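These notes are about the structure you will find just below.
The values are calculated or read from the model by the stated rules, or taken from the named source; none is laboratory data. Source: prediction; values computed, not measured. Glycine also receives a Cβ, built like all others from the backbone with ideal geometry; neighbour counts cover every protein chain displayed. Please note that ligands, DNA and RNA were not included when accessible areas were found on the heavy atoms of the full protein model with its side chains. Shrake-Rupley method; radii C 1.70, N 1.55, O 1.52, S 1.80 Å.
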Amino acid sequence: MSERIRDFLRERRPDGPCLVVDLEIVRDNYLRFARAMPDSRIHYAVKANPAPEILALLVELGSAFDCASLTEIDLVLAAGVAPADISFGNTIKKERDIAGAFARGVRLFAVDSTVEVDKIARAAPGAGVFCRVLCDNQGAEWPLSRKFGCAPDMAIDVLVHAHRNGLEARGVSFHVGSQQPDPNAWDRALATSSAIFATMAGRGIELTMVNLGGGFPARYLRDVPEVGTYGGAIAASLRRHFGNRLPETIIEPGRGMVGDAGVIKAEVVLISRKHRDDDLRWVYLDIGKFGGLAETADEAIRYPIRTARDRDATAPCVIAGPTCDSLDVLYEKAPYPLPVSLTVGDEILIEGTGAYTSTYASVAFNGFAPLQSYVI
Ligand SMILES: *Cc1c(COP(=O)(O)O)cnc(C)c1O
């Protein structure tokens with residue numbers, strides 16, 4: 001955890017659970033991506049954390065943005081980005097939202113079906129489109145699997161359809177799955193992409209762009225490769241599959257940009273057991289799945305948890321949130337080691353929580369306020 005976050009928490013002593021994001025870490029992460037993949041345009045995936053301070057910093061650093069809704073588009077426009085630097089990357093859009101984005105100057109849209117192409121052809125005539133291709137998310141800790149993208153042979157139909165309807169068929173996109181620990185995970189999707197480029201060229205349509213998506217990891221409990229390792233592996237795959245006719249590329253980091261920039265401060269509300277002779281402690285916090293820790297679903301993301309008693313002996317615990325919903329258990333299948341001396345009222349720090357937390361918090365389930373967020 002950064003010194004700045006530690007100082008902020010010590011001086012401000014905010015009451016209740018809160019997220020603190022350190023902009024200096026976001027800045028370092030951006031510069032690391034820019035160095036690791038100097039030929040790729042960075043489109044920050046806004047959904048990971050849309051805090052205005054983060055967006056303003058990234059605009060200042062020269063980032064472009066990937067948005068999933070008109071509201072996100074308005075957020076990044078308010079931060080000062082040019083509409084030409086926005087992609088509307090959700091493959092599921094209302095036609096009136098496409099028209100709204102087009103009216104604001106957005107010219108790049110994601111599709112994975114001919115129905116979506118028809119909407120864009122009507123609401124954003126002449127705009128650029130890229131087709132999302134299904135991609136196996138093997139190895140990813142937070143897979144995005146089957147919801148987005150179409151099979152490669154169908155992507156040909158979608159892109160040809162776009163071209164015939166006056167749109168600019170720009171290229172393809174894929175997402176190798178979020179929190180992807182394998183830097184070689186992009187290779188197969190790039191082979192597929194290059195095959196799509198070749199087939200399209202055979203039909204007289206020159207594609208120019210590959211959107212490499214997100215997937216770059218944050219560090220949770222396990223070490224992950226440096227972003228430079230990802231850059232090297234992806235550059236090698238691009239050369240392998242495209243030779244010296246390299247396409248223009250985009251990356252869309254979300255988690256990798258802001259995940260390790262944030263820490264959540266929370267409090268132990270109750271420690272109890274379920275039977276007289278049961279050793280297993282249930283530790284209830286003042287934050288849970290509905291307070292912003294939704295990515296503990298299926299215990300997929302395992303956050304590092306720090307306490308002031310970390311030098312003491314530990315024993316496995318079930319960790320749960322404060323709401324009256326049995327879904328609100330964070331870690332149970334794989335109990336989490338916490339200090340035996342942990343006590344009601346202790347403060348705990350949940351690290352690596354800069355991404356996919358503040359906007360996942362519910363409005364007021366059980367009366368618990370949405371996660372307070374400080375960007376410093
Ligand atoms: C969520 C998302 C991202 C960001 O993914 P990370 O794994 O957080 O980097 C990028 N692109 C698209 C289209 C997304 O939906």
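Please verify whether segment 163-171 includes one or more residues that are part of a loop (DSSP other than H, G, I, E, B) and open to solvent by less than 20 Å² (accessible area, probe 1.4 Å).
yes
I'd like to verify a number: residues in segment 1-19 that are of a type in the set (A, V, I, L, M) and in contact with a Ser or Thr (Cβ under 8 Å, 6 or more places away or on another chain), how many?
Residues that pass the stated criteria total 1.
Determine whether ASP7 is among the charged types (D, E, K, R), outside the structural domain of GLU248 (by TED's automatic domain parsing), part of a helix (DSSP H, G or I) and exposed (fewer than 15 other Cβ atoms within 10 Å of the Cβ).
Numbers: among the charged types (D, E, K, R): yes; outside the structural domain of GLU248 (by TED's automatic domain parsing): yes; part of a helix (DSSP H, G or I): yes; exposed (fewer than 15 other Cβ atoms within 10 Å of the Cβ): yes.
The answer is yes for ASP7.
Can you find a residue that is of a type in the set (Lys, Arg), in a loop (DSSP other than H, G, I, E, B), open to solvent by 10 Å² or more (accessible area, probe 1.4 Å) and touching a strand residue (DSSP E or B) at 6+ places or on another chain (Cβ under 9 Å) anywhere in segment 212-226?
Here is the first cut: in segment 212-226, the ones of a type in the set (Lys, Arg) are 219, 222.
Those left that are additionally in a loop (DSSP other than H, G, I, E, B): 219, 222.
Still in the list and also open to solvent by 10 Å² or more (accessible area, probe 1.4 Å): 219, 222.
Retained after the next criterion (residues that are touching a strand residue (DSSP E or B) at 6+ places or on another chain (Cβ under 9 Å)): 219.
For segment 212-226, residues of a type in the set (Lys, Arg), in a loop (DSSP other than H, G, I, E, B), open to solvent by 10 Å² or more (accessible area, probe 1.4 Å) and touching a strand residue (DSSP E or B) at 6+ places or on another chain (Cβ under 9 Å): present.
Does segment 240-250 contain any residue that is aliphatic (A, V, I, L, M) and open to solvent by less than 20 Å² (accessible area, probe 1.4 Å)?
Taking every residue of segment 240-250 in turn, at least one turns out to be aliphatic (A, V, I, L, M) and open to solvent by less than 20 Å² (accessible area, probe 1.4 Å).
Please verify whether GLY354 is surrounded by 14 or more Cβ atoms within 10 Å (Cβ to Cβ), out of contact with any Phe, Trp or Tyr (no Cβ under 6 Å at 6 or more places or on another chain) and part of a loop (DSSP other than H, G, I, E, B), treating the condition exactly as stated.
yes
Give the number of residues within segment 49-69 that are within 16 Å of the ligand (Cβ to nearest atom) and either touching a Ser or Thr at 6+ places or on another chain (Cβ under 8 Å) or farther than 22 Å from GLY292 by Cβ (or both).
Qualifying residue count, segment 49-69: 8.
What number of residues within segment 172-189 are within 16 Å of the ligand (Cβ to nearest atom) and part of a helix (DSSP H, G or I)?
Selection size over segment 172-189: 4.
Table: residues versus (1) at pLDDT below 95; (2) within 16 Å of the ligand (Cβ to nearest atom); (3) assigned by TED's automatic domain parsing to the domain that holds GLN179; (4) aliphatic (A, V, I, L, M).
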site: GLY204; (1), (2), (3), (4): no, no, yes, no
site: VAL210; (1), (2), (3), (4): no, yes, yes, yes
site: GLY214; (1), (2), (3), (4): no, yes, yes, no
site: ASP223; (1), (2), (3), (4): yes, no, yes, no
site: ARG240; (1), (2), (3), (4): no, no, yes, no
site: ASP277; (1), (2), (3), (4): yes, no, no, no
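Restricting the search to segment 308-341, which residues are without any contact (Cβ under 8 Å) to a residue 40 or more places away in the chain, open to solvent by 50 Å² or more (accessible area, probe 1.4 Å) and not charged (D, E, K, R)?
Within segment 308-341, ALA308, ALA313, THR314, PRO316, SER326, LEU327, PRO337, VAL340 qualify.
Taking PRO14, is it in contact (Cβ under 8 Å) with a residue 60 or more places away in the chain, out of contact with any His (no Cβ under 6 Å at 6 or more places or on another chain) and surrounded by fewer than 17 Cβ atoms within 10 Å (Cβ to Cβ)? Even if it seems obvious, please write down each step before you answer.
Numbers: in contact (Cβ under 8 Å) with a residue 60 or more places away in the chain: yes; out of contact with any His (no Cβ under 6 Å at 6 or more places or on another chain): yes; surrounded by fewer than 17 Cβ atoms within 10 Å (Cβ to Cβ): yes.
For PRO14, the condition - in contact (Cβ under 8 Å) with a residue 60 or more places away in the chain, out of contact with any His (no Cβ under 6 Å at 6 or more places or on another chain) and surrounded by fewer than 17 Cβ atoms within 10 Å (Cβ to Cβ) - is met.
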